[in-house]
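Take a look at the structure below.
The values are calculated or read from the model by the stated rules, or taken from the named source; none is laboratory data. Since this is a predicted model, take the numbers as computed values, not measurements. Glycine gets a Cβ as well: all are built from the backbone with ideal geometry, and neighbour counts include every protein chain shown.
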Amino acid sequence: MKHVRAILSHLKNDPSLMHLKKSESYQKLLGLLPKSMAQGVRFMYNKNDTLFFVLEHPGLKMEFHYKTTLIKGLLKELIAHDPSCRCIEAQHIQTFVTNKPPLHVKPSAPTGPFYSEASKGAFVNHAASGELHSLFESIRKTIQCSQPN
């Protein structure tokens, strides 16, 4: 009986599924980059002996431009230590910023401080008007409903 690892290895070595091997190699290269740089990369691809980085922000483009030699060195070391990553070998590195929004938008966390209600709703309603009296009573009900039981 074959192991899952052996089956996956055969699938990755299949020429029609070469993109699986490339995507795994891209992930390995991103793992070697500094975290601040790796988080800003949307995706990567090879074309005509050039490795393209598609970035999220224009500021990252300048950082990648200044650290091109670092990226080339990491790529050479990756290929030397892991020959399966030879499929992403490149002589040139290009970066550009995409103008398309991301396909999956991360849900934003609720912002701001959240406090529990300090009032117990125990106050005397001195409103003379019937309309104001009912408004204060609705506020009292809201406060009492927000109390933990």
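Brief remarks on what is shown
- Number of residues in the range 95-149 that are in a loop (DSSP other than H, G, I, E, B) and over 30 Å from VAL41 (Cβ atoms): the value is 22.
- Scanning the range 43-53 for residues that are among the polar types (S, T, N, Q) and surrounded by 11 or more Cβ atoms within 10 Å (Cβ to Cβ), we see that the one that is nearest to TYR26 (Cα to Cα) is ASN46.
- Selection of helices (runs of 4 or more DSSP H) fully inside the range 1-77 by the criterion of at least 3 residues being within 16 Å of ILE93 (Cα to Cα) returns 18-32, 58-66.
- Residues in the range 8-28 that are of a type in the set (D, E, K, R) and more than 10 Å from CYS87 (Cα to Cα) were compared, and the one that is surrounded by the fewest Cβ atoms within 10 Å (Cβ to Cβ) is ASP14.
- ALA90 falls short on exactly one of the conditions (1) in a strand (DSSP E or B); (2) in contact with a strand residue (DSSP E or B) (Cβ under 6 Å, 6 or more places away or on another chain), and that condition is (1).
Here's the yes/no breakdown for (1) in contact (Cβ under 8 Å) with a residue 24 or more places away in the chain; (2) exposed (fewer than 10 other Cβ atoms within 10 Å of the Cβ); (3) over 24 Å from LYS21 (Cα atoms):
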{"site": "LEU55", "(1), (2), (3)": "yes, no, no"}
{"site": "ARG86", "(1), (2), (3)": "no, no, no"}
{"site": "THR111", "(1), (2), (3)": "no, yes, yes"}
{"site": "LYS141", "(1), (2), (3)": "no, no, yes"}
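- Filter result for ALA80 (in a helix (DSSP H, G or I) and in the same structural domain as SER25 (by TED's automatic domain parsing)): yes
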